[in-house]
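The values are calculated or read from the model by the stated rules, or taken from the named source; none is laboratory data. Only a predicted model underlies this, so the values are computations on that prediction, with no experimental measurement involved. Note that we place each Cβ from the backbone using ideal geometry, even for glycine, and neighbour counts take in every protein chain shown. Keep in mind that these areas ignore ligands, DNA and RNA; they rest on the heavy atoms of the full protein, side chains included. Shrake-Rupley method; radii C 1.70, N 1.55, O 1.52, S 1.80 Å.
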Amino acid sequence: MAHHQGQEVGVQDFVLLDAVTKEKFMDNLQRRFQAGKIYTYIGEVCISVNPYREMNIYGPEYVSRYKGRELFENAPHIFAIADAAYRVLKQRNNDTCIMISGESGAGKTEASKIIMKYIAAVTNQGKQGEIERVKNVLIKSNAILECFGNAKTNRNDNSSRFGKYMDIEFDYKGDPVGGIITNYLLEKSRVIQQQSGERNFHCFYQLLRGASNNELQQYNLSRDPASYHYTNQGSTETLSEKSDYRATTAGLQALGFGGDEISMVWRTVAAILHLGNIEFRMQDEKITVANGKTLANVATLLQVTEEEMRTALTERVIAARGEIMTKSHDTVQAEYGRDALAKAIYDRMFTWIIQRINKAILVPGSATVKRYNKVIGVLDIYGFEIFDRNSFEQFCINYCNEKLQQLFIELVLKQEQEEYNREGIEWTNIEYFNNQIICALVEQPDKGVIAIMNEACLNVGKITDEMLLDDMDKKLSHHPHYSSRQLKPMDKELRHREDFRITHYAGDVIYSIGGFIEKNRDTLFQDFKRLLYRSHDPLVSAMWPEGAQDIAKTTKRPLTAGTLFQKSMAELVATLLRKEPLYVRCIKPNDIKSPTVFDEVRVEHQVRYLGLLENVRVRRAGFVHRQRYDKFLLRYKMISQYTWPNFRGGNERDGVKVLMNEKNFSHDVRFGRTKIFIRSPQTLFALEQQRNDMIPHIVTLLQKQVRGWIARQRYKKMKAALVIMRHYRKYKLKSYVQDLAIRFRNARTLRDFGKGIQWPQPPLVGRQAERQLRMLFSRWRAAMILRKYPREEWPQLRLQIIAASAFRKRRKFWGHDRKWLGNYLSIVAENSNYSSYNASVRNIKNTDHFDLVVFSAFVKKFNKCNKSADRAIIVTDSAIYKLDGAKNKFRNMKRSVAIKEVSKQQELAQSRSLTVEAAVGQMTPEFTHAGTFIVYKVPPAYASPLEQSEQQAAQNTLSQRY
């Protein structure tokens, strides 16, 4: 039915037991505890068994596993309860509360801390600083409250000795923005007296054992708790005080407590320790303080005068009918006043600490904004207690548990049965014990225990606890849940005129009447209030505003402790009734804090008084499981071909009916107005089994769909990337062209038409475009240069350019300043013996049959002795001829070379001798149609310095001209 962590043991929900008996219930609880499964459900109630060891089930992976999940989707866990409360708040915008109950040592405080950590882990996804601060304040406040409100008892090393209800406030986004802590009935009697084996509040031992030597010297304290009356009555066992003291101090600092505030807190704790050591003695019928040094320490720490402190402890001012009188105490009265002062100082300090914490987590903004916030309440209050000697504090604590049990009955057992009526399901009511009668025994006006105590406290004269017990016997003699030895003389468990018994829902508790009157009055002489109001410490003075009243003014009698507690319980119940409740019921497996021992008698007692079996019976009496139609169909629709993947034949109710009819489960279910009710666990197990069988196929289908979706997303991203790349390339190319346009915008007006302008570095995408743009620019520049020359001169100009390229860096003068004629030796102006030349050419032409003389010129021949001779050279369309000089009438020297042979030579550029090259092979393609042009050319690698300078001069001349 859920995602298991390891092998599952027993059943995860007691509702699914084959038979609802005490034996089956205990066996399932024990098997799960011994297998390390400390959480089990009863429907939506979480049963938590204290493991008495560290459990590795609260890490981030568990937070992720339970976040946003239904209770039944995972194995039972307190995280599921916390998440359910958070989801109700976010999804339905309703206030919720988590009620944690159980006896002392069952793990209630630890459960509340786990809930707080989970809520802190799943909120504030935006990492906002203020929200993170509020979360830290809420978590760090635990260490402070445990220090000043918890103590070691015989059942628990860290027992909460006060009730705590915390409202965590959330904004519309579901993030914590503040909160408030309310405390109930601090067990302040523990300050002055502890039972054997128990300790005072943790703060006293943390100060003595954790503070530095300088701090202890400042407070005039020694490290031994046995040196102080208020810490030596019970156990002086050492726990982890040193590290706890550092954690408490760090928590105070983290919550914004100032240095003077922290100092005041520890000074007050030290003052209480010294106050307990003050002793009194009678001397000449006058009471005196026996140890003045201790008195001086108390006065110094509370920042009052020593004389005022002595007077307040030994005398009392009485104002009656306008008269003021002073009355001296006897030793008993003085010790009572000292102890009452110690309790009152600690109680006021504890209340101030909680108010200061509330101030640190105060919700910012106006009341209008606050009105729209929602809250999750966490109730961590003392559990039901039965000690060897039970006094007024246990009476109040057990009354509180009666009220919470009544609330549980109202909200769970009663609503459980009312749900069947709302859903239109036939139902036979199950009888269950309603503890309203016990609550009435305590709180009924005029007849309840609290009312009888208040009446006794109001009576004039000496009223003793025995007289109170007599009055209770008279007024409660016929109540079935009250008894005493006077009413039942044969009951040997009750002491005569000392004890009375109340039969609580959790069992019989015998209370000792001793101290009930004084603890209910909770009297503190007005002298002490005036004394502390006059303290030079403004923080201490502010805790006692009543001290400002005039000494002669008659004050109204304050409400009794019982009345105040009864009112606070009524307010708490009213607060809880306004919220949607969830429950964590904590169980203590043994009294020796063992992680392996399961004390069946102790556990059975807790199961009985927590009403767990009744809860299971009511849940199981008709139907073991119920679920809303939409959630049920969502979970099981894959097991039916008619409902998978979606039901189209009507609403969710119709879909659930179709599914159950197909699987032949209709006989075991009932269809309510909004929910389906399943009668037997076997039907639910069968549904789960079929669902589990289908899960692998569903997973495969989902994997296929998800993989296809991922592939499509990747393809879309690739397509998008291509579009982005294409546009980016266009953008880069456009930017490059725009840069060129800006650089060359004035090129037309420049003398060199932009030749000297530096081209920008092209982007990668523009490299090919750069070559084309450069060619385009070169053509434009050539056109700009050529436009001043007539078209008919262009062939001559082309030949001159070719010649300039050939003679570059070789010759200074090569005839570029005259027109190209080609056959120069046939012209009279070039050759005075042109007739002889023409005759020789005709003879060669007749012999070799060429068509055209392309070029002719005089040359000089140098032999190896550097002697020269005149020669002539002609280039025809088929061969190159060498002729003798004009003196020999241009005689053919039979030294000819065919043009075809010259063009086939691939290594002519490596020869330093006179070379004939084909211009076609050397020029760019646009000049190849010019025909063949034969020139002298020496390759640069073999050119002499003179030849190189001549070629450079020729190139410069052409550049200047064109």
Residue tally, condition open to solvent by less than 30 Å² (accessible area, probe 1.4 Å) and β-branched (Val, Ile, Thr), over the range 509-558 | 4
Scan the range 599-612 for residues that are touching a residue at least 24 places away in the same chain (Cβ under 8 Å) and open to solvent by 20 Å² or more (accessible area, probe 1.4 Å) and jot them down.
-> GLU600, GLU604, HIS605, ARG608
Those residues that are touching a residue at least 24 places away in the same chain (Cβ under 8 Å), of a type in the set (Lys, Arg) and over 14 Å from ARG774 (Cα atoms), I need them from the range 740-763; list them, please.
-> ARG748
If you go through the range 76-94, how many residues are in a loop (DSSP other than H, G, I, E, B) and surrounded by fewer than 21 Cβ atoms within 10 Å (Cβ to Cβ)?
-> 3
Check on GLU110, within 17 Å of LYS631 (Cα to Cα) and open to solvent by 40 Å² or more (accessible area, probe 1.4 Å) = no
Residues of the range 655-678 satisfying the condition of being surrounded by 14 or more Cβ atoms within 10 Å (Cβ to Cβ) and either part of a helix (DSSP H, G or I) or among the basic types (Lys, Arg) (or both) | GLY655, VAL656, LYS657, VAL658, LEU659, MET660, GLU662, LYS663, ASP668, ARG670, LYS675
Out of the residues in the range 523-543 that are assigned to a loop (DSSP other than H, G, I, E, B) and out of contact with any Lys or Arg (no Cβ under 9 Å at 6 or more places or on another chain), state the one that is nearest to LEU341 (Cα to Cα).
-> THR523
Scope the range 312-327; condition open to solvent by less than 70 Å² (accessible area, probe 1.4 Å) and either out of contact with any Ser or Thr (no Cβ under 9 Å at 6 or more places or on another chain) or assigned to a strand (DSSP E or B) (or both); matching residues = ALA312, LEU313, GLU315, VAL317, ILE318, ALA319, ALA320
Just wondering, is there one or more residues in the range 608-628 that are touching a Gly at 6+ places or on another chain (Cβ under 9 Å) and assigned to a strand (DSSP E or B)?
-> yes
Restricting the search to the range 855-880, which residues are among the hydroxyl-bearing types (Ser, Thr, Tyr) and over 22 Å from VAL828 (Cα atoms)?
-> SER868, SER878
Can you confirm whether the range 808-821 contains a residue that is closer than 27 Å to SER878 by Cβ, open to solvent by less than 70 Å² (accessible area, probe 1.4 Å) and assigned to a helix (DSSP H, G or I)?
-> no
The range 178-193, residues that are out of contact with any Lys or Arg (no Cβ under 9 Å at 6 or more places or on another chain) and over 19 Å from THR575 (Cβ atoms) = GLN193
Looking only at the range 251-265, count how many residues are assigned to a helix (DSSP H, G or I), of a type in the set (A, V, I, L, M, F, W, C) and at pLDDT 90 or above.
-> 4
How about the range 354-390: which of its residues are open to solvent by less than 10 Å² (accessible area, probe 1.4 Å), modelled with pLDDT of 85 or more and under 28 Å from ASN94 (Cβ atoms)?
-> ILE354, ILE357, ILE376, GLY377, VAL378, LEU379
Does ASN866 count as not in a loop (DSSP other than H, G, I, E, B) and not aliphatic (A, V, I, L, M)?
-> no
Is there any pair with a first residue in the range 781-801 that is closer than 16 Å to ARG751 by Cβ and a second that is not β-branched (Val, Ile, Thr) and not in a helix (DSSP H, G or I) whose Cβ atoms are under 6 Å apart and which are 6 or more apart or on different chains, and what are they?
-> ARG781/PHE753; MET784/PHE753; ILE785/TYR962
Taking helices (runs of 4 or more DSSP H) that do not extend beyond the range 116-222, which have at least 3 residues that are touching a Gly at 6+ places or on another chain (Cβ under 7 Å)?
-> 129-149
Being modelled with pLDDT of 85 or more and β-branched (Val, Ile, Thr) is the filter; apply it to the range 537-591 and report the residue that is nearest to the chain's Cα centre (by Cα).
-> VAL584
